[in-house]
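This report refers to the structure that appears directly beneath it.
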Amino acid sequence: MFLLIEKRIGEAVSAYLRERYGLDTPASTEQPKQSSFGEIALPVAFHLARKLKKPPKSIALDLAAGLHGTPGVESLEVAGNGYINVRFDRGYYAAGLMDESFRAPADLSEKIIVEHTNINPNKAAHIGHLRNAVLGDTFVRMLRSTGARVEVQNYIDNTGVQVADVVVGFHYMEHRTVEDVRALIADPSVRFDYLCWDLYARVSAYYDTHPEAREWRMETLHAIEAGEGAQAELGQVISDAIVKAHLATMWRLGVVYDVLPRESEILHLKFWATAFELLKERKAIYFETEGKNKGCWVMPGSAFDEDADEDSSKVIVRSNGTVTYVGKDIAYQLWKFGLLGKDFYYRQWSQYPDGRWIWVSTTEPGPGIAPSFGGGTRVYNVIDSRQSYLQDVVAAGLRALGFDEQADRSVHFSYEMVALSMRCAAELGLQIPEEEKQRPYVEVSGRKGLGVKADDLVDKLIEAALREVDSRHPEADAEERRNVATQIAIGALRYFLLKYTRNSVIAFDFQEALSFEGETGPYVQYTAVRARNILRKLAERGEALPDFRAELNREAFTRQLADENCWQLLLAASKVGSAVARAVSSGEPAHVAKYAFQLAQAFNAFYHEYPVLQEENHEKRVFLLWMTDYFRKQLEGTLGILGIEVPEYM
């Protein structure tokens, strides 16, 4: 409702300026410095003073008179030298919160594609992957809460170097056949993604002492890209099994996908071949005949960096004929926008426990009719900040082909790394080198033996939460306690990963994340449980919630909201739409996490100020029950956008 009235005021201001002055000027709004000044401040008069050659206050007076009668607005007051303070009609506002028709219409004009997670399918997911997945999933939830049409993709790089290295480990170092590896995958006593984690580390170490073994990698990479021979089959078997493990890990966090586009199909369906010819035809790349990149197809550095020198060209196709990651990604980005003139075939990969299907790309048509994927109007690629250079190259590839508009709508949704607090590293049993112990946090590094598997982290969080739940509710059913502990643990993890802005390095800490006090997921969850408990106690007394629509009209709301404190609490509870809009605009899910915390603080203030069930005045009691139920819905809805469930108890 707040966002709707704010938008309505902005549109009224723009319309007035067009009619009165012939100006097509967007109207920005601000939060007043003090709540006593009103709900919204308009600084537009200051922005127009020079253009109109009139004092800001004179413009503001004209504008305030012209906006009189805007629905939902009680008054407009000119303050200072030209600010316009807007006060809402409180009764109208509260009544509107009960009326679904006041919701802003969904914008279906765009199809937004969000690609996230994209873990190399060669080993178990680690803690850094969780930040990517949680950021991407939450951004999707934010967009969908506004009514946007969103497609979620998880790109599977099943033909890359990392998969090739695991194939090298099984094929050359351990001399295992495809049947041997299938047996390992089928063995319930083997965590295949964990086994590959260790094998990948051993292969990397082996290369360091046996550099000639890197020839195995190149042979394997050629076989996988060609899709021929035992090594290619082994690569497919390994990557499919690891993807299955990754999806199970992400499901634990409530992260789901619509489609899994695979790199193998980008090669085998000639996506890359088509893009390659386009790039050559438009002279976006050239064949290098000398120097360090001799024999390679490269993109000149000037295409993606105006300050680039001659040595900064980016290799797109290696001298041995294999295409680099960024080359395949240019083809993939073209497909996302529907610019390639090609499409994948699709088949159902698996079904989530809630009944939704996830689809995967394939080279052959499958039975039935698959959904339509790709063809987006805006694309967000959730990839860590270390890949900024490569994302610039991808955008440059689109521009070189003449697709400037799509390049502008290609958004690198970047983020910084996840580290561990020293305390957290110790709790996980990691051996910290002496030279690392003076640092403020521990950087996760598989090569240094400081890797943290995602499932291990989640399991550790659940066990810690379970100890707290057991101590508080020893009488509850054991399975129920574990379910509650799981919800608390996942809520703690997701909130911790979301509350920091994307450009912040996170030092994860168990105790901080799981605290029931402060800016944490459990604190917001506890507040939602507290709101539910008021309504549960009402039911235990044999009372039902009143029929709010029948008992609370605009006049009743006006009377009750004359209480300034109550009005400010209701305003705080009703701004989720504004918080989400701001978060979507800035690409910062942290804004929604911050709002969830502020909403919890507001409800706790309400809880302590107003003894709802003890209130004797009938109208006020009905109003306070409505406020309680409204807070509950807002808390649950905001947590839902963050991907956090509300437990039965805390």
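Brief remarks follow.
- For region 9-143, the percent of C-alpha pairs falling in each 10 Å distance bin, counted from 0 to the bin holding the largest distance, reads 10, 28, 22, 19, 13, 7, 1.
- Ranked Trp335, Trp297, criterion: other C-beta atoms within 10 Å, fewest first: Trp297, Trp335
- In degrees, nearest ten, helix 618-641 long axis to first principal axis of the chain (Cα): 20
- Rotationally averaged projected area of region 2-88 (alpha carbon convex hull; nm²): 5.0
- Normalised contact order of region 444-536, rounded percent, pairs of Cα under 8 Å and 6 or more residues apart: 22
- Pairs beyond 29 Å (Cα-Cα), from Lys283/Lys342; Lys244/Lys460; Lys314/Lys499; Lys33/Lys499; Lys460/Lys633: Lys314/Lys499; Lys460/Lys633
- Square roots of 5 times each gyration tensor eigenvalue, C-alpha, region 521-641, largest first, Å: 26, 17, 12
- On the basis of the beta-carbon distance and an R0 of 30 Å, Gln568 and Glu11 show a calculated FRET efficiency of 0.70.
- Measuring nothing but how far apart in sequence close Cα pairs (under 8 Å, 6+ apart) lie, relative to its length, region 16-99 scores a relative contact order of 27 percent.
- Charge sum, other residues only, whose C-beta stays under 10 Å from Asn120's C-beta, Lys/Arg counted +1 and Asp/Glu -1: -1
- Computed lengthening from Glu110 to Asp240, 0.36 nm per intervening residue step minus Cα-Cα distance: 43.6 nm
- Volume of the convex hull of the chain (Cα atoms only), normalised per residue: 211 Å³.
- The angle separating the long axis of helix 521-540 from the principal Cα axis of greatest extent in the chain is about 50 degrees.
- Restricting the trypsin sites (Lys or Arg not before Pro) of region 252-349 to loop positions (DSSP other than H, G, I, E, B) with no more than 13 neighbouring Cβ atoms within 10 Å leaves Arg282, Lys283, Lys292, Lys294.
- The chain: angle of helix 229-252 to the longest principal axis, Cα-based, in degrees nearest 10: 20
Values in this text are rule-based calculations from the coordinates and carry no lab data. Just so it is clear, the model here is predicted, and its values are computed rather than measured. Counting neighbours? That spans all protein chains shown, and the Cβs are built from the backbone with ideal geometry, glycine included.
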